[in-house]
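Have a look at the structure below before the remarks.
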Amino acid sequence: MIRTVVALFVFAVFICGLIVFRPFGGGDETVAQDRLGTPVEETAAANDEVEVTRAAPQDIASLAEAALQETAPLATDPQTGLIEAPRRVDVARPSTDDTRLSDMTNNVLAELGFAGVKPVTTNAQTQRQSTSEILAGIEAATGNTSVLQERDTLEAIVIAALRAGTSDEEIDQIVNTAAAEGTVAVPEILVTSDGRVDTHVLLTNIVTQAQLAAGGPAPSIPEATPENTQGMEVRVVQQATEAVQARFYTVQPGDSLGKISITFFGSVEHYEAIFEANRGLLSSPDRIRVGQRLVIPQIDNV
């Protein structure tokens, strides 16, 4: 009887030992983990061919999730061997408002005397008028006078510079100095990944709208490919019934959402489609950062 009990006790200790020490075994089956202990799949070696992947039924949300997961390459801690999450690097950015670049450009052309172009009320002007009315109501009720501080506008700066024949380089310096000093707000799609104002997109859009106002053709759609567009890649994604091509773009230094829209669609007007396709990654159009991997949506009417 005693021998039987001892044998059962030894067997139970042996089983417990297997259970306790099993996670540390496995030899070649060891799986890399991140800091939270989540298994991380090894990435395939890079090659020059179009990558074929399989996904659930395809939509913009799943593409955006894939882009978010591959925003930056994963690094391994040499001491622990664990996968480190990419560090977020942000920069100081200029003040923005919700003025649409198209409205501001329209007003610039109207002020410069382009035939058939009439000024429109921008969102910033509407908000300023609303604030003035609120302050006037407070003054009428309390007798306390409040003065709404005057502020330069990007629109006024550009109009003055174009009338004076200022060069593109000088306009860039004037606008970015004002933005850095906080004396002017800019449309969100003009803020670059390194915190500057994309005056090239600003001036390009003015020229484009001027040509359209004069009866010229709309800008052509660029043939953007991985060969001629740095940071672009194309993947073939298998849906339930068919394979489709999905486009991705890694944000480069100096990029703005307006510039990316011009790169892929020929004009800034499709920036909202890019922003909406990357809502999981971008909190607002001015928050793009170098290294972010964006979904470039297909737009039916382009």
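General remarks:
- Subset of segment 202-224 [modelled with pLDDT of 95 or more and farther than 16 Å from Leu162 by Cβ]: none
- Hits in segment 161-172 (condition: closer than 24 Å to Thr121 by Cα and exposed (fewer than 14 other Cβ atoms within 10 Å of the Cβ)): Arg163
- Residues of segment 143-175 that turn out to be part of a loop (DSSP other than H, G, I, E, B), under 30 Å from the mean Cα position of the chain (by Cα) and among the aliphatic types (A, V, I, L, M), as a count: 0
- Condition broken by Thr121, with the remaining ones in (1) closer than 19 Å to Met104 by Cβ; (2) assigned to a helix (DSSP H, G or I); (3) modelled with pLDDT of 75 or more satisfied: (2)
- The selection criterion, being of a type in the set (A, V, I, L, M) and at pLDDT 95 or above, does not hold for Leu282.
- Of all the numbered requirements in (1) at pLDDT below 95; (2) of a type in the set (S, T, N, Q); (3) over 21 Å from Ile260 (Cβ atoms), Gln173 misses one, and that requirement is (1).
- Just so you know, in segment 187-234 the residues that are in a loop (DSSP other than H, G, I, E, B) and among the hydrophobic types (A, V, I, L, M, F, W, C) include one that is surrounded by the fewest Cβ atoms within 10 Å (Cβ to Cβ), and it is Ala218.
- Residues that are more than 26 Å from Asp103 (Cβ to Cβ) and touching a residue at least 24 places away in the same chain (Cβ under 8 Å) occur in segment 206-229; there is at least one.
- Test: Thr250 is modelled with pLDDT of 95 or more, more than 30 Å from Leu162 (Cβ to Cβ) and surrounded by fewer than 21 Cβ atoms within 10 Å (Cβ to Cβ): yes
- Output for segment 95-118, where each listed residue is over 30 Å from the mean Cα position of the chain (by Cα), free of Cβ contacts under 8 Å to residues at least 24 places away in the same chain and part of a helix (DSSP H, G or I): Ala110
- Residue ID - farthest from His200 (Cα to Cα), chosen from residues in segment 253-279 that are of a type in the set (Asp, Glu) and surrounded by fewer than 22 Cβ atoms within 10 Å (Cβ to Cβ): Glu276
- Qualifying residue in segment 124-142 (condition: surrounded by 13 or more Cβ atoms within 10 Å (Cβ to Cβ) and under 25 Å from the mean Cα position of the chain (by Cα)): yes
Residue-wise test of (1) out of contact with any Asp or Glu (no Cβ under 8 Å at 6 or more places or on another chain); (2) assigned to a loop (DSSP other than H, G, I, E, B); (3) not hydroxyl-bearing (Ser, Thr, Tyr).
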position	(1), (2), (3)
Val236	no, no, yes
Arg247	no, no, yes
Ala273	yes, no, yes
Arg289	no, yes, yes
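- Tallying residues that are more than 19 Å from Pro285 (Cβ to Cβ) and in contact (Cβ under 8 Å) with a residue 12 or more places away in the chain within segment 169-202 yields 7.
The values are calculated or read from the model by the stated rules, or taken from the named source; none is laboratory data. Owing to the predicted nature of the structure, the values given are computational and were not obtained by experimental measurement. Cβ coordinates were reconstructed from backbone atoms using ideal geometry, including for glycine residues, and neighbour counts include every protein chain displayed.
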